[in-house]
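Engineer: Mind having a look at this structure? Questions to follow.
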Amino acid sequence: MSMQVEDHRVIEYDVRTDEMLVNMGPQHPSTHGVLRLLLRTDGEIVHEITPHIGYLHRCAEKIGENLAGPQWIPYTDRMDYLAGMNMNLGMSLAFEKLLDMELPEKAINVRVLIAELGRIASHLVGMGAYGLDLGSFSPFLYAFREREIILDLFEEVCGARLTYSYITIGGVTHDIPGEITIPPGLASLTGRDMNTKLQWMDAVLIFLEWLEERIREYHALLTRNQIFIKRVAALGVCSREMAISYGCTGPVLRGSGVDHDLRRDGEPIYTRMYEGYHFDIPVAPFDDAPPEVVLGDNWCRFFVRMMEVVQSIGLVRQAIEKYPSAQGEARVPYKMTNKLPKDECYLETECPRGQMGFYLVGNGAAEPLRARAKSSCFCNLSITAPISEGFFLADIPANVGSLDIVMGEIDR
Amino acid sequence: MVSIPDQSKRTDNLQRIESLLMNIEDIHQLLVDQFGTDVVTALVTESKDPWIEVAPESIQDVTAFIKNDDRLRFDHLTNLCGVDYFEPDAKKQAKFGHDPHIEVVYHLYSYNHKHSLVLKVKLPRWKDDNEGELPEVPSVSSIWASADWHERETYDLMGIRFLNHPNLRRILCPEDWEGHPLRKDYDFPLEYHGIRGR
């Protein structure tokens, strides 16, 4: 007997699945920290995403209102803890803008050098962790091997490996060190003796030369890898309009095709730092992108970061070149008791994850009346729901990972 | 290849670009012509970032205008936050220099014209001066999607109610948290679910 289905609803009833609420996080490894996503799924398809944040909330803004500027710097380290140097820089520049401070050439030069090294370290984590999100373990190990050397170099500069508080109001706490013992990682990777003594600047140059070679390997490992492309291309598409409306910044914005980088388009106090430096600003779409790629998808965001590493390598080299001729001290003194004027200012800087803004309201005391830290990842994370709804459950780690979020910065 | 030229060499070019940009006085004049001085209440230029003050009930009309007008095109809301002007210490109140009030600050940027603007809205610390009743201002989340989360954060930490917001819940603090921590007269709780506070 052949069965003829006349009523289509019968089939629908047969394969109907129930809606299910799935809790992703807050301890899920691919949520980059303590992010909880509440998913309403129908089978494999996700219909609704509700992000829950705030697990790392430490009320950094309230603390900032009760501390003098230099005392607040260690708290900014703990916001984006993968790019502490860049956080310090943003906060210091905001105070300097409020106080009309003029910085010596040397301080600016060291800041550019350190901030761009920090950007490389941060993007390496972004790349490695993204590979991990997609189930490929090796890029993570390579990325951390490279980042380790930068952390070693930072340790030689300021003694800390993660929470530096090195860039401070009025410059940097002290000048770059002279002779150091080669970082062990660099020694073993470049086949040098562990006890080699060399200049800090030379160690950076050796490292950059070595890193530049590796970038090609990362491209082979991830960027041009067919499995990787199938996992990320044409997924998590964030249009230009959506990126602007949701206030996305940094690689997310440039991955959606908006040519905007504060190092070029920012306020004079920030762009002045990069005067005389030459660099490209990578913006999607890319001519050499694989055919599957769509403007504003996960691959574009990832590729923007990879290209920025190359640009930062160039910037660090230029900063090292300029270092010997840079005049002045590495720091102008700033007293803890310095009174802030009855004025206010807002300043954004280009951090690895986007534009981090600091808004300060002074009121004649050493402590600001209001210390606001505007997080870039906060806005970048808010597009998770619109770019992932209607897609597969398995694509969510790929989408969230491509935003390269750090919960410490979102929750503050 | 972008190269940031020396300051000395770029003055000519910069002046040319700056002459094309609207400065804050022009923007203020444009807004006054459009809405009148009842809505656009003040222009403060003696500041690092000059600002324009707008009447709270009209913030939605003004922001919709400055986003869609071809001369302004403020398509990016960079920052939205609240500031509590209040000195809880009676001894310091004389030196404080501000009437007690709350401000909502909107920092805007235009990707088209590459100019920025600061808008402010002044609110009483409590609605109708009834302590505990949150002040209200219309939401701008229908104009910029980024305002959605920023307004939730401002509600959560500063205690400002955004009218017509699609989903005004706490975002950083737990949902059963009491009070708004960034208020100057906020009392830290002694305990939360059995966890000791101060």
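Engineer: Considering each of A:Arg231, A:Arg264 in turn, give the residue that is assigned to a helix (DSSP H, G or I) and either closer than 18 Å to A:Met306 by Cα or in contact with a Pro (Cβ under 6 Å, 6 or more places away or on another chain) (or both). First the steps, then the outcome.
Structural biologist: Values: A:Arg264 fails: either closer than 18 Å to A:Met306 by Cα or in contact with a Pro (Cβ under 6 Å, 6 or more places away or on another chain) (or both).
From the options A:Arg231, A:Arg264, the qualifying one is A:Arg231.
Engineer: Can you pull out every residue in the range A:257-298 that is within 13 Å of chain B (Cβ to nearest Cβ), touching a Lys or Arg at 6+ places or on another chain (Cβ under 8 Å) and of a type in the set (A, V, I, L, M)?
Structural biologist: Here is the first cut: in the range A:257-298, the residues within 13 Å of chain B (Cβ to nearest Cβ) are A:257-283.
Still in the list and also touching a Lys or Arg at 6+ places or on another chain (Cβ under 8 Å): A:257-258, A:260-261, A:265, A:267, A:269-271, A:273-274, A:276, A:279, A:281-283.
A:Val258, A:Ile269, A:Met273, A:Ile281, A:Val283 - these are the residues of the range A:257-298 that are within 13 Å of chain B (Cβ to nearest Cβ), touching a Lys or Arg at 6+ places or on another chain (Cβ under 8 Å) and of a type in the set (A, V, I, L, M).
Engineer: Quick one: how many residues across the range A:64-101 are over 17 Å from the mean Cα position of the chain (by Cα) and in contact (Cβ under 8 Å) with a residue 24 or more places away in the chain?
Structural biologist: Going through the range A:64-101 one residue at a time, the tally reaches 20.
Condition check ((1) more than 14 Å from the chain's Cα centre (by Cα); (2) within 17 Å of B:Lys127 (Cβ to Cβ); (3) surrounded by fewer than 18 Cβ atoms within 10 Å (Cβ to Cβ)) across all residues:
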site	(1), (2), (3)
B:Ala147	no, no, no
B:Thr154	no, yes, no
B:Leu163	yes, yes, yes
B:Arg170	yes, no, yes
B:Trp177	yes, no, yes
B:Pro189	yes, no, yes
B:His193	yes, no, yes
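Engineer: Additional query: Looking at B:Glu103, is it closer than 23 Å to A:Leu98 by Cα and in a strand (DSSP E or B)?
Structural biologist: Values: closer than 23 Å to A:Leu98 by Cα: yes; in a strand (DSSP E or B): yes.
So B:Glu103 fits the description; yes.
Engineer: Can you tell me which residue among A:Ile120, A:Ile169, A:Ile149 is at pLDDT 90 or above, touching a helix residue (DSSP H, G or I) at 6+ places or on another chain (Cβ under 6 Å) and farther than 26 Å from A:Phe279 by Cα?
Structural biologist: Details: A:Ile120 fails: farther than 26 Å from A:Phe279 by Cα; A:Ile149 fails: farther than 26 Å from A:Phe279 by Cα.
Sole residue among the options that is at pLDDT 90 or above, touching a helix residue (DSSP H, G or I) at 6+ places or on another chain (Cβ under 6 Å) and farther than 26 Å from A:Phe279 by Cα: A:Ile169.
Engineer: Scanning for something under 16 Å from the mean Cα position of the chain (by Cα), at pLDDT 85 or above and within 13 Å of chain A (Cβ to nearest Cβ), does the range B:89-100 turn up at least one residue?
Structural biologist: Within the range B:89-100, not a single residue is under 16 Å from the mean Cα position of the chain (by Cα), at pLDDT 85 or above and within 13 Å of chain A (Cβ to nearest Cβ).
Engineer: Given the criteria in contact with a Pro (Cβ under 8 Å, 6 or more places away or on another chain), more than 10 Å from chain A (Cβ to nearest Cβ) and farther than 24 Å from B:Thr78 by Cβ, does B:Asp176 qualify?
Structural biologist: On the way: in contact with a Pro (Cβ under 8 Å, 6 or more places away or on another chain): no; more than 10 Å from chain A (Cβ to nearest Cβ): yes; farther than 24 Å from B:Thr78 by Cβ: yes.
In short, no.
Engineer: Continuing with the same structure: Just a yes or no: is a residue in the range B:119-131 facing chain A (nearest Cβ under 9 Å), touching a residue at least 12 places away in the same chain (Cβ under 8 Å) and not hydroxyl-bearing (Ser, Thr, Tyr)? Before the answer, list the steps.
Structural biologist: If we filter the range B:119-131 for residues that are facing chain A (nearest Cβ under 9 Å), which is where we start, we get none.
No.
Engineer: Within the range A:12-33, can you find the residues that are at pLDDT 85 or above and either outside any strand (DSSP E or B) or loosely packed, with under 11 Cβ neighbours inside 10 Å (or both)?
Structural biologist: The answer is A:Leu21, and nothing else.
Engineer: Kindly indicate which of A:Arg254, A:Arg231, A:Arg301 is under 22 Å from A:Leu393 (Cα atoms), more than 9 Å from chain B (Cβ to nearest Cβ), under 20 Å from the mean Cα position of the chain (by Cα) and basic (Lys, Arg). Step through it out loud before you land on a result.
Structural biologist: Working: A:Arg254 fails: under 22 Å from A:Leu393 (Cα atoms); A:Arg231 fails: under 20 Å from the mean Cα position of the chain (by Cα).
Result: A:Arg301 is the single residue among A:Arg254, A:Arg231, A:Arg301 that is under 22 Å from A:Leu393 (Cα atoms), more than 9 Å from chain B (Cβ to nearest Cβ), under 20 Å from the mean Cα position of the chain (by Cα) and basic (Lys, Arg).
Engineer: Looking only at strands (runs of 3 or more DSSP E) that fall completely inside the range B:111-198, which ones have 3 or more residues that are among the aliphatic types (A, V, I, L, M) and either touching a helix residue (DSSP H, G or I) at 6+ places or on another chain (Cβ under 8 Å) or at pLDDT below 90 (or both)?
Structural biologist: Working: elements: B:116-123, B:136-138, B:161-163.
Those strands (runs of 3 or more DSSP E) span B:116-123.
Quick grid of which residues meet (1) within 14 Å of chain B (Cβ to nearest Cβ); (2) under 12 Å from A:Ile169 (Cβ atoms):
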site: A:Ile45; (1), (2): no, no
site: A:Glu48; (1), (2): yes, no
site: A:His52; (1), (2): yes, no
site: A:Gly69; (1), (2): no, yes
site: A:Ala83; (1), (2): no, no
site: A:Met87; (1), (2): no, no
site: A:Leu93; (1), (2): yes, yes
site: A:Leu99; (1), (2): yes, yes
site: A:Val110; (1), (2): no, no
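Engineer: Among the listed residues A:Ala385, A:Ala365, which satisfies the condition of being free of Cβ contacts under 8 Å to residues at least 40 places away in the same chain, surrounded by fewer than 24 Cβ atoms within 10 Å (Cβ to Cβ) and more than 8 Å from chain B (Cβ to nearest Cβ)?
Structural biologist: A:Ala365
Engineer: Of the conditions (1) under 13 Å from the mean Cα position of the chain (by Cα); (2) more than 9 Å from every other protein chain (Cβ to nearest Cβ), B:Ile66 satisfies every one except a single condition; which number is it?
Structural biologist: Status for B:Ile66: all satisfied but (1).
The values are calculated or read from the model by the stated rules, or taken from the named source; none is laboratory data. Predicted model, so just to flag it, every value in this text is computed and none were measured. Neighbour counts run over all protein chains shown; Cβ positions are idealised from the backbone, glycine included.
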